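The next block holds one structure in the form of structure tokens; read it before the comments.
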Amino acid sequence: MPHPGSRPSTLTRSAGRGTALALAFALALTGCSGDDKKASGPKPPPPSEQPEAEATSAPGAQAFSAMTGLRKPVTYDDKVSVAITDIKYVKNKKLGPGEITGKTLTIFTLRFTNGSGQALDLNKVRVVAQYGKTRAQASPTSYANLNDFYGTVAAGRQRSASYAFDLPTAGYGSVVLNVAFSDKHKTAVFAGSLKQ
């Protein structure tokens, strides 16, 4: 043991420095592995979703003047409902991925209303349009910035999306739209006629 008042030896000073470095290193690690919320600050917001107005906007489209049976909502026991809120047609003049130039497209806007007490998953929504006596299946296509349903809808909230189909005008007299979205809910079926 060093004599009081004497200076520490080089060995003692080196050991002291080593202990201090080890302690500083340990504190640094503790700071990194401590409370993540304090260390990293607030978390970034989740990726923004496409605004609903864009997901259902169809520039140049015109509303059908008459339709029957297609606007009656389908409501399930858990108070989830799906409805067709708008049906339009447009002659596609642009050429883009999945678009059919020169075709008259039929655009259905759908709305889910979640009246249940839990979130509604819309990641499995499948929309099929049929027409004519044989119920031929219309080809789905893209138009403008229309977007499919995705994500979840909180209890008490609504969400809309639009779907475009190459539906021949000769089939307007008998149109069926099938909307499947969950193994727990039967497919919502809308049937009626359209008129330009």
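The values are calculated or read from the model by the stated rules, or taken from the named source; none is laboratory data. Keep in mind it's a predicted model, so treat the numbers as computed, not measured. Cβ: placed from backbone, ideal geometry, glycine included. Neighbour counts: every protein chain shown.
Can you pull out the residues in the range 65-82 that are at pLDDT below 95 and assigned to a strand (DSSP E or B)? If the condition is that a residue be at pLDDT below 95 and assigned to a strand (DSSP E or B), then 66, 67, 68 are the ones that fit.
Residue 191 meets the conditions (1) out of contact with any Gly (no Cβ under 8 Å at 6 or more places or on another chain); (2) of a type in the set (A, V, I, L, M); (3) over 26 Å from residue 54 (Cβ atoms) in every case but one. The failed one is (1).
Applying a threshold of 6 Å to beta carbon distances and a minimum spacing of six or more residues, or different chains, the list of pairs starting in the range 126-145 at a residue that is free of Cβ contacts under 8 Å to residues at least 24 places away in the same chain and ending at one that is assigned to a loop (DSSP other than H, G, I, E, B) is empty.
Take the residues in the range 83-106 that are in a loop (DSSP other than H, G, I, E, B) and of a type in the set (D, E, K, R); name whichever of them is modelled with the highest pLDDT. I'd like the intermediate steps shown before the answer.
Looking only at the range 83-106, we keep the residues that are in a loop (DSSP other than H, G, I, E, B), and these are 92-103.
The next check asks that each one be of a type in the set (D, E, K, R); those that pass are 93-94, 99, 103.
Values: 93: 75, 94: 63, 99: 57, 103: 82.
Ranking the qualifying residues of the range 83-106, first place goes to 103.
Quick check on the range 164-196: of everything there that is among the aromatic types (Phe, Trp, Tyr) and in a loop (DSSP other than H, G, I, E, B), which residue is nearest to residue 125 (Cα to Cα)?
Once the filter is applied, the top-ranked residue is 181.
Quick check, is residue 55 of a type in the set (A, V, I, L, M, F, W, C), under 24 Å from the mean Cα position of the chain (by Cα), at pLDDT below 90 and on the phi < 0 side of the Ramachandran plot? Yes, satisfied. Is there a residue being closer than 18 Å to residue 106 by Cβ, part of a strand (DSSP E or B) and hydrophobic (A, V, I, L, M, F, W, C) anywhere in the range 142-163? There is at least one residue in the range 142-163 that is closer than 18 Å to residue 106 by Cβ, part of a strand (DSSP E or B) and hydrophobic (A, V, I, L, M, F, W, C). Return the residues of the range 51-64 that are part of a loop (DSSP other than H, G, I, E, B) and exposed (fewer than 12 other Cβ atoms within 10 Å of the Cβ); say none if nothing qualifies. 51, 59 - these are the residues of the range 51-64 that are part of a loop (DSSP other than H, G, I, E, B) and exposed (fewer than 12 other Cβ atoms within 10 Å of the Cβ).
Scanning the range 73-92 finds one or more residues that are exposed (fewer than 13 other Cβ atoms within 10 Å of the Cβ), more than 25 Å from the chain's Cα centre (by Cα), in contact (Cβ under 8 Å) with a residue 12 or more places away in the chain and more than 23 Å from residue 157 (Cβ to Cβ).
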